[in-house]
Amino acid sequence: MARKYFPFLETVDLTIKFKDFVANDAVSLQFYKGFIHSIVGENGAGKSTLMKMLYGVYHPTSGKIKVDNQVVEMTPTIAMEKGIGMVFQDFRLIPAFTALENIMMALPKSKLKLGRAEICKEIKEISEKYKIAIDPDMYVWEMDLGQRQRVEIIKVMMMGKPELLIFDEPTSVLTVHEAQAFLEMLVELKNNNIAVALITHKLNEVLAVSDTISVLRHGKVKCTIEKEEGFDKEKLVGLIMGVEEGEKNTVKSFDRLEIKEVHPMLECKDMRIKDEHGRSILKHASLTVNSGEIVGVAGISGRGQRELLESIFGLKDIAEGTIKIDSVDFTDKETIDRINSGMSFISEDPKRDNVVEGMEIRDHFVLAGVTPDSKGLDYDWKKLQQNLESEDYVKDLGVPQLNRQMSTLSGGNIQRAVLARAAIRRPKVLLASYPIRGLDIGTAQTVHRILIQLRNQGSAILLVSEDMDEIFEMSDSIVVLSNNSITEKFDPKKITPYEIGELMIGGAKDE
Amino acid sequence: MISLITNFLTNAIQSGTSVLYGIYGETITERSGIVNLGTEGSMILGAIAAYIVAADSGSMGLAIICAMLAGGALALIHAYLCINRKANQLASGLTLMFLGLGIAAFYGREYVSVSITGLNKIAIPLLSKIPVIGEAFFNQDILTYLSFVLCPVLWWFLYKTRKGLFLRAAGEDKEVVYAYGKNPQSLRYLATVLGGMISAIGGAQLSIAYTKTWSEGMTNGRGIIAVSLVVLAKYNPSKAMIGAYVYGGAQALNVILQSQGVEISPFLLMMLPYVITLVALFVSSVRKGTNAPNELKNIIGG
């Protein structure tokens, strides 16, 4: 793949400083038309900052951006004129509007005169040319996340003649099938001679579609690899996390111990669970998690994952059925009884469900059942903090200082604190919903290692995720939420992600 | 019997038109993400301003324009307090309602016994001769006809123009509007003041077309009813007439029952419009889903 042409967009020694912090340091990259260039790196490696400079949202402290070999002072307006489009992670769409109405708001001045019919025609042309199917008259609230993303993409493409499209974590919210369709669309864009810049955490996707991969670490380009040189996943993970070559990547090794004495730790039988509208979202749902077992729960989001975990944890009453923990019936017991019996819960949205924002991190450990020593009428907070700080889980996960208030923490740090709290109690039953959401690759691997450790120590773990890689890598057995029920357990060694995907979709059709 | 029905319809429309303007005005305002409980205040200021100008100058056109200016001015205060000063919208609206009622009562003292010619009914040829409904719909004053025309016009503005699209977007998610380089706050100013002006026409209809008299507090809660009927109309001008004429119909029923000598306490009859309005709200809220602009949820919930 010799590149005869000069790049469409090139950065030369691009540097940006926020006060003393150097977010990007002498970044030189080239983006060619008809090629997919992925940028990978940990959280805070400077990927998003770099992309925002390309789009003109941030202005570099030094260095140049060249478009078609001309130096450009980038602003969002100029970016739009030059055909640089950015597809944001949080789709900027209004759910109460149709796709067409959302697109109309974004049109540049030059297209203001167009009537609805003409705009619809243009949408249709783009959607046929690049095989991005959307229905302009559908309301956004009726769409799944994949459809919303397609609207966002077409919207960005209608804002100018598309030359370079920047995608910021595009597949993080998509299901397996949607993500697959998205990757196919990227290839279609590439074949139509569009330059694609892709930021993502998901290495498998990067490896599948990229022509070029650049690794960013601490704001610097660590290396740029071309496809013809060959991509190596292990090496890439090492580069992202800053492990030097030759050094053994220790985090990666998950040693699963053979558990000898297996007994059912969590038994749910024939449950019927209602959602907040009073409809039965799960019926005849049964599930057993044994000690020393990780059961992965796959399913399209909103199929009852949240209701299932909340019911097991006692935040929600079940309409029918029984729940046993370690052979004791807990169906009618309170949440606090379940906590005391050794159950921990990591919500899909810890910020909403797991933390009191005005309180400090260490307070949360006490709330969840870590009992500190008394000191006078108060607790001995100092000692508690020292004890906690010496805990491996707290250190490994990089939990911030324990006397910081939850409200001052980022989403990733809240996730760390909640995980450490759950792990520290060595729970009998751990309910974990999307435990690595919002974490970078390094921390995500630590989390996975901790889950395996807990499993080896005999915890029964229920792991809810939409990430097929995570489900397959972590689970001893897999169940699928579909058709308003829970399937039997599948052995991850005997079933493929595609078959699981089919089961998930099968449930999606049946309302 | 036929004449009774015609009489009922005529009364329902005459009485409902002022509320209809209130619903139009408040719909525009709420679509942009602002709740204006001061609609009642704008209406009563419109009523007194129109009446004073009509009595002193005799020009009905000027009367209507002055009504709009007075109602718009009150709404402007609301816009400033809520948008620039980030005041509590419910508190500001309620207070402005009472301020409007007070100002109107103050300037209206000398006009209580003044009579005006007002806006007369104009029969539309042919259409007004249709049996039963012709008289009710097509022998009315000019402001009533204007309220018929405004229905498609406002709907078209909100749903078919770019300005309307952005105005609704400001009510759904102001961050998105910012992202497209537009200022949601100026759209809200526009919608609040325009809403006040339209509501004020309703007040003018009440004083110079329907009753042709001025009495203190004559809007009698119509502005407040209009605010609640916006929900029944699903925040859509094209459905505003349903709520307005349910209210107007209840008022008309009240009048007719009294004139027929039905033995019910007049106090009970006076409650009828509100009870019917409440029932209508109950029925509409039972249906699933909400059409409320998203930004309003921060103010009033639900």
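Any read-out appearing in this document is the output of simple, stated calculations on the displayed coordinates, not a laboratory observation. Worth saying up front: this structure is predicted, and the values here are computed from it rather than measured. With ideal geometry, Cβ positions are generated from the backbone for all residues, glycine too; neighbour counts draw on all protein chains shown.
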What is the magnitude of the charge dipole of the protein assembly as shown about its Cα centre, with +1 placed on the Cβ of each Lys and Arg, -1 on the Cβ of each Asp and Glu, and no other charges, expressed in debye to the nearest 20? 2100
Which value in nm describes the separation of the simple spin-label points at B:L69 and A:Y5, placed 7 Å from the Cα toward the beta carbon? 6.3
In nm, give the distance between the simple-model label positions of A:E391 and A:D378, each being 7 Å from the Cα along the Cα-to-Cβ direction. 2.1
Sorted from largest down, give the three principal axis spans of the alpha carbons of region A:352-424, whole angstrom values. 35, 26, 18
Taking every DSSP beta bridge with both residues inside region A:9-250, roughly what % is antiparallel (nearest 5)? 55
Expected output is a single nm value to one decimal: the length gained when fully extending between B:K121 and B:N183, i.e. 0.36 nm times separation in residues minus the C-alpha distance. What is it? 18.0 nm
Quick one: of the DSSP bridges fully inside the protein assembly as shown, what percent are antiparallel, nearest 5? 55
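Can you give the FRET efficiency for B:L99 and A:E276, using 1/(1 + (r/R0)^6), R0 = 60 Å, r = Cβ-Cβ distance, to the nearest 0.05?
After rounding, the FRET efficiency stands at 0.90.
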Run the helix sum for the protein assembly as shown: -39,500 (n - 2.57) per DSSP H stretch of 4+ residues, divided by residue count, reported at 222 nm to the nearest 500 deg cm²/dmol. -14500 deg cm²/dmol
0 to 90° range, to nearest 10: angle between helix B:240-259 axis and chain B longest Cα axis: 30
Taking loop as defined by DSSP and a crowding limit of 10 other beta carbons within 10 Å, which trypsin sites (Lys or Arg not before Pro) in region B:1-110 fit? B:R85, B:K86
Using only alpha carbon pairs under 8 Å that are at least six residues apart, calculate the relative contact order of region A:9-250 and give it in whole percent. 29
Hey, which lysines would be in cross-link range of B:K297, C-alpha to C-alpha under 28 Å, not counting anything within fewer than 8 residues on its own chain? A:K155, A:K274, A:K316, A:K351, B:K86, B:K160, B:K163, B:K174, B:K182, B:K234, B:K239, B:K288
Report ³J(HN,Hα) in whole Hz for each residue of region B:105-118, in order, from the Karplus equation J = 6.51 cos²θ - 1.76 cosθ + 1.60 where θ = phi - 60°; Gly and Pro get x. 5, 4, 6, x, 3, 7, 10, 4, 9, 7, 10, 10, 6, x
Residues whose built amide H sits under 5 Å from the amide H of A:S341, excluding neighbours closer than 5 in sequence, are none
Starting at the first residue of region A:295-301, write each ³J(HN,Hα) from the Karplus equation 6.51 cos²θ - 1.76 cosθ + 1.60 with θ = phi - 60°, in whole Hz, x for Gly and Pro. 9, x, 9, 9, x, 5, 4
Within a 10 angstrom radius of each residue's Cβ in B:161-173, how many Cβ atoms of other chains show up on average? Whole number is fine. 3
Plugging the Cβ-Cβ distance of B:I264 and A:R352 into 1/(1 + (r/R0)^6) at R0 = 56 Å yields, to the nearest 0.05, a FRET efficiency of 0.55
Does the protein assembly as shown classify as rounded, prolate or oblate by the C-alpha gyration tensor (a ≥ b ≥ c root eigenvalues; a/c under 1.5 gives rounded; else a/b over b/c gives prolate, otherwise oblate)? prolate
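Assuming a viscosity of 0.890 mPa s and a temperature of 25 °C, what translational diffusion coefficient in µm² per second does Stokes-Einstein assign to chain B, Rh being the Kirkwood radius over Cα pairs?
126
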Treat the count of other C-beta atoms within 10 Å as a stand-in for reagent exposure and order A:D392, B:D141 from fewest to most. A:D392, B:D141
Taking the mean number of other Cβ atoms within 10 Å as a proxy for protection, how do you rank A:369-378, A:81-90 from highest to lowest? A:81-90, A:369-378
Give me the extension gain from A:D20 to A:S341: residue separation times 0.36 nm, minus the current Cα-Cα distance, reported in nm with one decimal. 110.6 nm
Helix B:2-31: inclination vs chain B longest Cα principal axis, degrees, rounded to 10, gives 20
Antiparallel bridge percentage (DSSP; both residues within region A:367-511; nearest 5): 50
Chain B: longest segment with zero exposed GluC sites (Glu not before Pro), where exposed means DSSP loop plus at most 15 other C-beta atoms within 10 Å, is residues B:1-215
Cβ-Cβ FRET estimate between A:K113 and A:D137, R0 fixed at 22 Å, reported to 0.05: 0.55
What average count of beta carbons from other chains do you get within 10 Å of the Cβ of residues in A:101-109? 3
Taking Cα atoms, the helix A:116-129 axis meets the longest principal axis of chain A at an angle in degrees (rounded to 10) of 80
Computed label-point distance, nm, for sites A:A208 and A:T77 using a 7 Å Cα→Cβ extension: 4.1
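Could you tell me which GluC sites (Glu not before Pro) in region A:295-370 are loop residues by DSSP with no more than 14 other beta carbons within 10 angstrom of their beta carbon?
A:E334, A:E357
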Sequence-distant or interchain residues sharing an amide H contact under 5 Å with A:M138, placed H: which? A:A99, A:L100
Kindly identify region B:7-132 as rounded, prolate or oblate by the Cα gyration tensor criterion: order the square roots of the eigenvalues as a ≥ b ≥ c, call it rounded if a/c is under 1.5, otherwise compare a/b with b/c, prolate if a/b is larger, else oblate. oblate
Along region A:452-468, Karplus-curve 3J(HN,Hα) (6.51, -1.76, 1.60; θ = phi - 60°) to the nearest Hz, with x for Gly and Pro, reads 5, 4, 4, 4, 4, 7, x, 5, 9, 10, 9, 10, 9, 7, 9, 8, 4
Which whole number gives the average, over all residues in A:88-100, of C-beta atoms from other chains lying within 10 Å of the residue C-beta? 3
